[in-house]
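**Q** One structure, as C-alpha cells, below. Some questions next.
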Amino acid sequence: MKTIQDENVPIWLPRLAVNGGPRFLQIADALQAAVADGSLKPGDRLPPQRQLAAQLDVDLTTITRAYDEARRRNLLEGRGARGTYVAAPKVELTSILDLSMNTPPPPEGVDFDDMLKQGLSQVLMRADNELLMTYHLAGGSDSDRKAGAKWLEPMFGHLDARQLVVCPGAQAAIAALILALTESGDVILAETMSYPGLRAAATQFGRLLIAVEADKHGMVPEMLEEACRQHKPGLVFLNPTLQNPTAITIPEHRRRELASIARRCNVRIVEDDPYWLLADAPPPPIATFAPEQVYYISTLSKCLTPGLRVAFVLIRDPHERERFLAALRAFALMAAPLTAALATQWILDGSADGLMEGVRTEARLRHRMARDILAGRYSGAGDGLHVWLELPAYWNSSQLARAADSEGIAVTPAETFATGGASVNAIRISLGSIRNRGRLQAGLQRLSHLLARRPESFSAAVV
C-alpha cells in the first residue's frame, strides 16, 4: 500500500485551470481520470485534506467538496482515523469507454432525477390520466404542438402550431417522410458522409441513395443542381448544422443557394437539424429560405435526453401533413403520450431551456478537453456533441476502430456514414456518452496514444 504524501503536488493532479470550471470538480475529475487510467489504484491512500489544500493553494472547503464528490462517484472510501483511500472500482469504471454514441452529456448543476420527478408530478397533476394512456392519432395534442412551436421559436420566430407534427423521434420522422413523399425506386440525394439512419430507412423502403459531393462548407450547390437534373430525386436529405458526422455547419449564403436550387428544380428537402440549438450562432434553417420545399425536423434527443423520444416536424402544407401522418401510422402510430406530455411540461415551464443550457455548457467544456488532448488532430467547431477526426495515413478508419475496441474504446469509423463517392479516412468521436469528464479524459488520452502508434507496433504489442 502506498501513500501519496510528498511535498509536491500529487502526480495524478493536473494544474488547476482558471477557466476549467469549479475547482472542486477539477480535482474530482482528476481523481476519476487517475483511477480510470491506473495512476491511482484501489487501496492507495490520499493526502489528508488540509495537506492537499495547502499543496494546491485552495481553501479546505474546496478539498472537502472534491472528496465528497469523489465519494459520490464511488471513487473513494473513508477509513476513519486511518484516512481516505481509493475504493475498489465499480463496474462502470471497468466498462468500455464509449466514444461512439451521440448523446447529450450530463450537465453540471442539473439534478436530472429531481427534474424528472417534478416534471412527471406536474404532468400527472394537470393532465387527464386516461388521455395519457390512450391513442393519439393527430400527431400530438394541441399542447404538445404549442410546445413544439415554442421549441422552434429560436429558429423561426412565431409559428402556427397547427403546422407541426409530434413524432416518436427523428428516425421515425425521416422514415415517414420517405414513405409519404417518395415511391419505390425513387432517388434520395445526400452528402457523401451522412446519417446512417437515412441509409437504413432508404434501403428498407427500396429507395436509391445517391451521394452528392460536399466540401468544407457542406453540399456543393452546383453538384446538387447537376444531380437533380440527372436523377430527378424524390428528396434531398441535409443535416446542415454541426453535420453528423463531419461537424460542418453550412453557412447562410450556401443555405440560400441550396434553397434556390430546390425551388428551381422543384425538389423537396428533408432538413434534419438536431444540433441547431447546441451550435454557436448558427445560420437560419434552410426552411426559412424555401418554406414550401423544406420539411424541418427538430428532435429533443440531442439537446435534452434520448429517453423522451420526441421530435417536432414542420410541414406547412395540410395535405402533405395528412400524408405524413398516414405514413407514420404504418409503423409508429404516435409519440408515447406520457413522454410527449413530459416534454411539453419541460418546454412550457422553462425546465427544457435550463437543461439544454447545461448540456451546451458541458459540451463546450468537453470540446476544449478534446482539443487539448488531441492537439493538432482536433478539427471540431467547439460545440455540438462530436468531433470528426481525420486519421494519419498509416491508419485506416476500420483498422483504427478495431484497434481502439481491443483497448476498451468504442469509436465510429467513416464507413458507417458513407453514402457513396470517395472514401474518407476518419472516425467520429462522440463526447457526451461517457457520463463524467474524468473517464472521458482517460478515453481521449488512450485514443491519442493509440493514434500516435503505427498499426505494426500495435499488432506486435497485441501478439
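**Q** Does the range 357-388 hold any residues that are assigned to a strand (DSSP E or B) and either assigned by the TED database to the domain that holds residue 147 or more than 16 Å from residue 434 (Cβ to Cβ) (or both), and which are they?
**A** Selection gives 388 alone.
**Q** Quick check on the range 208-235: of everything there that is among the charged types (D, E, K, R) and either in contact with a helix residue (DSSP H, G or I) (Cβ under 6 Å, 6 or more places away or on another chain) or without any contact (Cβ under 8 Å) to a residue 12 or more places away in the chain (or both), which residue is nearest to residue 262 (Cα to Cα)? Explain how you work it out, then say what you get.
**A** Let us first name the residues in the range 208-235 that are among the charged types (D, E, K, R), namely 213, 215-216, 222, 225-226, 229, 232.
Checking the rest, the ones that are also either in contact with a helix residue (DSSP H, G or I) (Cβ under 6 Å, 6 or more places away or on another chain) or without any contact (Cβ under 8 Å) to a residue 12 or more places away in the chain (or both) come to 213, 215, 222, 225-226.
Working: 213: 16, 215: 19, 222: 12, 225: 8, 226: 12 Å.
Among those residues, the one meeting the criterion is 225.
**Q** Let me ask another. Any residue at all in the range 291-311 that is modelled with pLDDT of 95 or more, of a type in the set (Lys, Arg) and either in contact with a strand residue (DSSP E or B) (Cβ under 7 Å, 6 or more places away or on another chain) or open to solvent by less than 40 Å² (accessible area, probe 1.4 Å) (or both)?
**A** No, every residue in the range 291-311 fails to be modelled with pLDDT of 95 or more, of a type in the set (Lys, Arg) and either in contact with a strand residue (DSSP E or B) (Cβ under 7 Å, 6 or more places away or on another chain) or open to solvent by less than 40 Å² (accessible area, probe 1.4 Å) (or both).
**Q** Among the residues of the range 429-438, is there at least one that is open to solvent by 20 Å² or more (accessible area, probe 1.4 Å), assigned to a helix (DSSP H, G or I) and at pLDDT below 95? Please lay out each step first, then the result.
**A** Filtering the range 429-438 for residues open to solvent by 20 Å² or more (accessible area, probe 1.4 Å) gives 433, 435-437.
Now drop any that are not assigned to a helix (DSSP H, G or I), which leaves 437.
Keeping just the survivors that are at pLDDT below 95 gives 437.
Within the range 429-438, one or more residues are open to solvent by 20 Å² or more (accessible area, probe 1.4 Å), assigned to a helix (DSSP H, G or I) and at pLDDT below 95.
**Q** Sticking with this structure for a sec: Restricting attention to the range 151-196, and to residues there that are of a type in the set (Ser, Thr, Tyr) and open to solvent by 40 Å² or more (accessible area, probe 1.4 Å), which single residue is nearest to the chain's Cα centre (by Cα)? Break it down stepwise before answering.
**A** First, pick out the residues of the range 151-196 that are of a type in the set (Ser, Thr, Tyr): 182, 184, 192, 194-195.
Narrowing the set further to residues that are open to solvent by 40 Å² or more (accessible area, probe 1.4 Å) leaves 184, 195.
Working: 184: 32, 195: 13 Å.
Only one residue fits best here, namely 195.
**Q** Right, something else. Within the range 237-356, considering only strands (runs of 3 or more DSSP E) that don't extend past its boundaries, which have at least 3 residues that are aliphatic (A, V, I, L, M)? It would help to see each step written out before you state the result.
**A** Values: elements: 268-272, 294-299, 311-314.
In the range 237-356, the matching strands (runs of 3 or more DSSP E) lie at 311-314.
**Q** Let me ask something additional. Looking at the structure I just gave you, is residue 157 at positive phi and at pLDDT below 95? Outline the logic, then answer.
**A** Numbers: at positive phi: yes; at pLDDT below 95: no.
No, not satisfied.
**Q** When residue 136 is evaluated against the numbered criteria (1) under 18 Å from residue 420 (Cα atoms); (2) open to solvent by 20 Å² or more (accessible area, probe 1.4 Å), which criterion, by number, is the only one it fails?
**A** (1)
**Q** Please tell me if residue 329 is open to solvent by 10 Å² or more (accessible area, probe 1.4 Å) and over 20 Å from the mean Cα position of the chain (by Cα).
**A** Details: open to solvent by 10 Å² or more (accessible area, probe 1.4 Å): yes; over 20 Å from the mean Cα position of the chain (by Cα): yes.
Criteria met by residue 329.
**Q** Return the residues of the range 240-266 that are closer than 19 Å to residue 199 by Cβ and touching a helix residue (DSSP H, G or I) at 6+ places or on another chain (Cβ under 9 Å); say none if nothing qualifies.
**A** 240, 244, 245, 246 - these are the residues of the range 240-266 that are closer than 19 Å to residue 199 by Cβ and touching a helix residue (DSSP H, G or I) at 6+ places or on another chain (Cβ under 9 Å).
**Q** Read through the list (1) buried (at least 16 other Cβ atoms within 10 Å of the Cβ); (2) in a helix (DSSP H, G or I); (3) more than 20 Å from the chain's Cα centre (by Cα), then give the number of the only condition that residue 398 fails.
**A** (1)
**Q** Let me ask you something else. Being open to solvent by 40 Å² or more (accessible area, probe 1.4 Å), hydrophobic (A, V, I, L, M, F, W, C), over 25 Å from residue 116 (Cα atoms) and over 17 Å from the mean Cα position of the chain (by Cα) is the requirement here; does residue 375 meet it? Give the steps one after another, and end with the answer.
**A** Working: open to solvent by 40 Å² or more (accessible area, probe 1.4 Å): yes; hydrophobic (A, V, I, L, M, F, W, C): yes; over 25 Å from residue 116 (Cα atoms): yes; over 17 Å from the mean Cα position of the chain (by Cα): yes.
Yes: the conditions hold for residue 375.
The values are calculated or read from the model by the stated rules, or taken from the named source; none is laboratory data. What you see is a predicted model; the values in this text were computed from it and never measured. Glycine also receives a Cβ, built like all others from the backbone with ideal geometry; neighbour counts cover every protein chain displayed. Quick note on the areas: whole protein, heavy atoms, side chains included, nothing else; ligands and nucleic acids left out. Shrake-Rupley method; radii C 1.70, N 1.55, O 1.52, S 1.80 Å.
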